[in-house]
Structures are given as structure tokens and as C-alpha cells.
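Encoded as C-alpha cells, the structure appears first; notes follow it.
The values are calculated or read from the model by the stated rules, or taken from the named source; none is laboratory data. All values derive from a computational prediction rather than experimental measurement. For neighbour counting, all protein chains shown are included, and Cβ atoms are generated from backbone atoms with ideal geometry for every residue, glycine included. For accessibility, only protein heavy atoms count, side chains too; no ligands or nucleic acids. Shrake-Rupley method; radii C 1.70, N 1.55, O 1.52, S 1.80 Å.
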Amino acid sequence: MSSDFSISNNHENNAYKIFRGINNADVEYDWQKTDDTSIIDLAQQKADKTENKSAITIALEDFTNIVTGFNGANYTNIDKDDTKTSLKEFFANLFGKKTDNMFKSKTGKEIVDEYGHISQKDIFQNDFAKNDGIRYANEGDDLYASALNFAKADIAAIEKGYELANDGFSKDGKLQGKEVNSYLDMGIEAFDAIKELDLGDGDDKITAEEYASFLLAVDKMGNSDGVISAQEAAMAKNTDNEMLTKMAKEIYEQYNG
């Protein structure tokens with residue numbers, strides 16, 4: 001397993017089931033209940049200086065860049081050993097090229113130490129607590145570019161976990177059925193769902209561009225404000241697969257036609 005939370009597998013919309021940027025905005029999941037926003041607060045400081053990347057995107061990217069394993073759990077997580085400065089980074093720091101990984105900053109190390117282990121679940125929990133949903137875009141940023149960056153970061157985090165659990169796995173930046181099953185117990189249905197969600201080349205994989213298109217489609221159900229809210233997630237959950245896919249397809253062709 002690459003993730004420490006699994007999603008209910010009932011008769012919900014396929015995009016809702018598979019995309020964490022959508023289903024993690026659903027308030028029905030008990031694991032989301034936390035008041036802590038320290039991870040996202042720190043990430044926001046970096047996001048404020050980065051175009052078209054929200055705090056959760058930054059946090060997922062920096063998590064993926066330093067995670068090395070499972071630390072005794074059955075899901076990827078980082079601990080204080082992952083935040084230590086490497087020899088290469090030490091010499092880079094001497095020449096003023098300091099690492100900008102948020103978890104290796106003084107505050108980041110303190111947060112990791114406080115948690116003991118930080119998982120992908122913790123990052124999503126923090127974002128939900130901060131934004132009452134999943135914020136894929138900061139105010140004023142380009143929605144599609146931000147959604148694309150979030151999708152890339154989320155897929156990369158999922159793939160990194162799968163890679164660490166499966167020797168010989170080759171990452172390609174696309175989401176496929178076996179990776180979905182690392183965080184969502186769907187079995188063969190995951191592969192069927194991926195086929196139905198494919199908006200582009202029909203290779204039975206989901207690209208970041210396709211993922212981003214579904215995010216925008218769900219956001220358009222509400223305010224199109226860069227946040228997948230609990231209300232929008234609930235609407236997506238109960239939307240016909242064909243209808244939501246058609247909406248996403250129009251967005252996909254607009255930006256990737």
C-alpha cells in the first residue's frame with residue numbers, strides 16, 4: 001500500500017472515487033477531522049512565492065522529493081531522518097544554494113518532529129481543515145495551470161509510493177489501475193473506471209491533463225474558485241459518469257485540443 005487511507009467503494013461517480021483531489025473534499029470521511037493546519041500553513045508560505053501552485057501542491061511535491069519508505073507502516077511517510085541535510089545539501093548550503101524543501105526548513109523539521117511521521121493523509125487532512133475542501137489553486141492564479149500542477153503532484157506522490165513498494169516499477173506520470181488499487185480497494189473495477197475516465201489517447205491511463213480537467217469540471221459545479229468544496233464533492237459523487245466525463249472532456253479539449 002502507498003497510502004494510509006482508503007476510500008469507500010460503493011456506486012459513486014468514477015471520478016469521485018479515483019481522484020483524491022475530489023473525494024478528499026467529502027466531509028463524510030471521519031479521517032479528515034482535524035484542527036491542525038501547520039503543514040499547509042508552512043506550505044502556503046512557499047506557495048505565495050510560486051505561480052500556479054497551491055499549498056497542498058507544494059506539500060505533496062516536497063513530500064515526494066524526500067520520502068524514502070514506509071518507516072514500519074504500510075503507507076509512505078516521512079520522519080525526522082528524512083528531513084536531515086545530506087552531504088550534498090550541506091555543501092550546497094555553504095555556497096548559498098539552500099534547499100527549499102519545506103520539510104527540511106527549521107519549522108518543517110519541528111512539524112515533522114511533532115507528528116513523528118507525516119503521511120499523505122496528514123497533508124490532505126491539513127488542507128481540508130484549512131480550506132473546508134481541497135484547494136488546488138490560490139486566489140488570482142490560473143485555474144487550469146494550477147489544477148494541472150496539483151494533478152502532477154498527486155500522481156507523483158501516488159507513483160512514488162507504488163514504486164517504493166514494488167521493485168522494478170517504472171513511473172510515467174500517469175495514473176493506472178494498479179496504482180489506484182494501492183490507495184483504493186477496487187480490484188478489477190479500477191481498470192474499468194480508468195478506461196471510462198480516459199479523455200485522450202485511450203491508453204488506459206489517466207494523464208495529469210485529464211485529471212486537471214475533471215477537477216475544473218467539479219469546481220464548475222459550484223463557484224469555480226480553486227477549491228473543491230464538500231458541496232461540490234458531494235455533487236460529483238452523485239453525478240452520472242457520462243455527464244461528468246462529458247463536462248471534463250469539453251475542458252480537456254479546450255486546453256489540449
**Asked** Along its principal axes, what span do the Cα atoms of the range 150-257 show, with the longest given first and each in whole Å?
**Response** 43, 30, 25
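Give me the extension gain from Asp36 to Asn71: residue separation times 0.36 nm, minus the current Cα-Cα distance, reported in nm with one decimal. Walk me through the intermediate numbers first.
Details: separation 35, 0.36 × 35 = 12.60 nm, distance 2.26 nm.
Stretched out fully, the Asp36 to Asn71 stretch lengthens by 10.3 nm.
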**Nitroxide proxy distance, nm - points 7 Å out along Cα→Cβ at Ile188 and Glu139** = 5.0 nm
**Item:** Gyration tensor (alpha-carbon) shape descriptor, the range 116-161, a/c threshold 1.5
**Value:** oblate
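If you put +1 on each Lys and Arg Cβ and -1 on each Asp and Glu Cβ, how big is the dipole of the chain around its Cα centre, in Debye rounded to 20?
On the way: 28 positive and 49 negative charges, 169 e Å.
In debye, rounded to 20, the chain gives about 820.
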**Message:** What does the C-alpha gyration tensor say about the overall shape of the chain? Classify as rounded when a/c is under 1.5, otherwise prolate if a/b is larger than b/c, or oblate.
**Reply:** prolate
**Asked** Considering only protein heavy atoms, what per residue accessible area in square angstrom results for the range 215-257 with a 1.4 angstrom probe?
**Response** 54 Å²
**Prompt:** Where the accessible area of the chain is counted over protein heavy atoms with a 1.4 Å probe, how much of it, in %, is carbon and sulfur?
**Reply:** 45 percent
**Prompt:** From the backbone phi of the range 131-140, what are the Karplus-calculated ³J(HN,Hα) couplings (6.51 cos²θ - 1.76 cosθ + 1.60, θ = phi - 60°) in whole Hz, Gly and Pro given as x?
**Reply:** 10, 6, x, 10, 8, 8, 9, 7, 4, x
**Under Karplus coefficients 6.51, -1.76 and 1.60, residue-wise ³J(HN,Hα) of the range 179-193 in Hz, glycine/proline x** = 6, 4, 6, 6, 10, 9, 7, 10, x, 5, 5, 4, 5, 5, 5
